[in-house]
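Each reported figure results from applying straightforward, stated rules to the coordinates on display, with no laboratory input. As the structure is a computational prediction, the values presented were derived from the model and not from experiment. Methodologically, a virtual Cβ is constructed for each residue, glycine included, from the backbone with ideal geometry; neighbour enumeration extends over all protein chains shown.
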Amino acid sequence: MTPPTFAQILWTVKRLVLSQSWATVAAAIVLLGCAMVMGTLVIPADGKLRATELRIAALRAAPAMGLTPLQQGKIDRQNDAAEFYRMFPPRDAELDAMGKIYSAAEFWKIELHEGEYRRIPEKSGRLSRLEIVLPVKGNYIEIRKFLAQTMTDVPTLSLDSVNFHREKIDDPNLEATLRFTLFLSNQ
């Protein structure tokens, strides 16, 4: 059995609508409008309301712990910052990250040429950056899949720029220069 075509579905809906009274059709339109308002406005607002209620409850509980709201906010920011910096791998994990990059290139059959690597310390002293420039060669789809896998496998790697170059218009392979920055913890 073949599925109905769009024209058949449209004809069936039109026939159903025309067989109803104008009051039934108007009620159905109002009901559909209410469902759309509920889904786009009311439910998201309810989630924001619950989040605000939880924040208010936490602020009300802060004095019971001997903290002012200002102190509570400062502790939360300190915890958030500490959690943020814990996300970064230690400096000695750069070889592991490079291994993942090279493994992804091998998997997607990307030719990696000699790259440039430059370490830059951050002003805060908590992070260091390793700037990586990789000239690669492969077809466009493989390079895109390589980039996607690399960014998934190494979450603290940022893609700064991609430059493509093709020698001939009918050549399926591209030469690309990929600029990455790998962020590592100094601690």
Ala81 and Ile120 label points (each 7 Å along its Cα→Cβ direction) are spaced in nm at 2.2 nm
For the chain, with a Gaussian network of springs between Cα atoms less than 10 Å apart, report the residue from Met151, Met36, Met98 with the top mean-square fluctuation.
Met36
For the chain, calculated [θ]222 nm from helices alone, where every DSSP H run of n ≥ 4 adds -39500 (n - 2.57):
-16500 deg cm²/dmol
Choice from Ile43, Ile29, Ile143 with maximal GNM fluctuation in the chain (Cα, 10 Å cutoff)
Ile29
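Going down the table (Lys100/Lys137; Lys145/Lys168; Lys100/Lys168), which pairs top 20 Å between alpha carbons? Mind dumping the intermediate values first?
Values: Lys100/Lys137 18 Å; Lys145/Lys168 23 Å; Lys100/Lys168 31 Å.
Long pairs (Cα-Cα over 20 Å): Lys145/Lys168; Lys100/Lys168.
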Calculate the radius of gyration of the Cα atoms of the range 94-187 to one decimal place, then report Dmax, the largest Cα-Cα distance, as a whole number, both in Å.
14.1, 50
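Starting from 0.36 nm per residue, how many nanometres of slack lie between Ile169 and Glu53 once their C-alpha separation is accounted for? Numbers along the way, then the final one.
Numbers: separation 116, 0.36 × 116 = 41.76 nm, distance 6.01 nm.
Extending this stretch completely gives an extra 35.7 nm.
What is the ratio of the Cα radius of gyration of the range 84-143 to 2.2 N^0.38 Å, with N the residue count, to two decimals? Write down the numbers at each step before the final one.
Values: Rg = 14.0 Å, N = 60, 2.2 N^0.38 = 10.4 Å.
Expressed relative to 2.2 N^0.38 Å, the Cα Rg reads 1.34.
Restricting attention to the range 108-187, which trypsin sites (Lys or Arg not before Pro) occupy a DSSP loop and are surrounded by at most 14 other Cβ atoms within 10 Å?
On the way: sites: Lys109, Arg118, Arg119, Lys123, Arg126, Arg129, Lys137, Arg144, Lys145, Arg166, Lys168, Arg179; in loops: Lys109, Lys123, Arg126, Arg166, Lys168.
In loop regions of the range 108-187 (DSSP not H, G, I, E or B), the sparsely surrounded trypsin sites (Lys or Arg not before Pro) are Lys109, Lys123, Arg126, Arg166, Lys168.
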Just to check I understand the Karplus step: with θ = phi - 60° and J = 6.51 cos²θ - 1.76 cosθ + 1.60, what whole-Hz values come out for the range 105-111, glycine and proline as x?
5, 5, 5, 8, 6, 9, 7
Unit-weight point scatterers at every alpha-carbon of the chain, Debye formula, q = 0.08, 0.10, 0.11, 0.18 1/Å: log10 I(q)/I(0) is -0.64, -0.78, -0.81, -1.14
Between Tyr140 and Ser19, what is the label-point separation in nm under the 7 Å Cα-to-beta-carbon projection?
5.1 nm
Applied in sequence order to the range 94-101, the curve 6.51 cos²θ - 1.76 cosθ + 1.60 (Karplus, θ = phi - 60°) yields integer Hz couplings, x standing for Gly and Pro, of 5, 5, 5, 5, 5, x, 5, 5
Pick from Thr40, Thr156, Thr177: which is most flexible by mean-square fluctuation in a GNM of the chain where alpha carbon atoms under 10 Å apart are linked?
Thr40
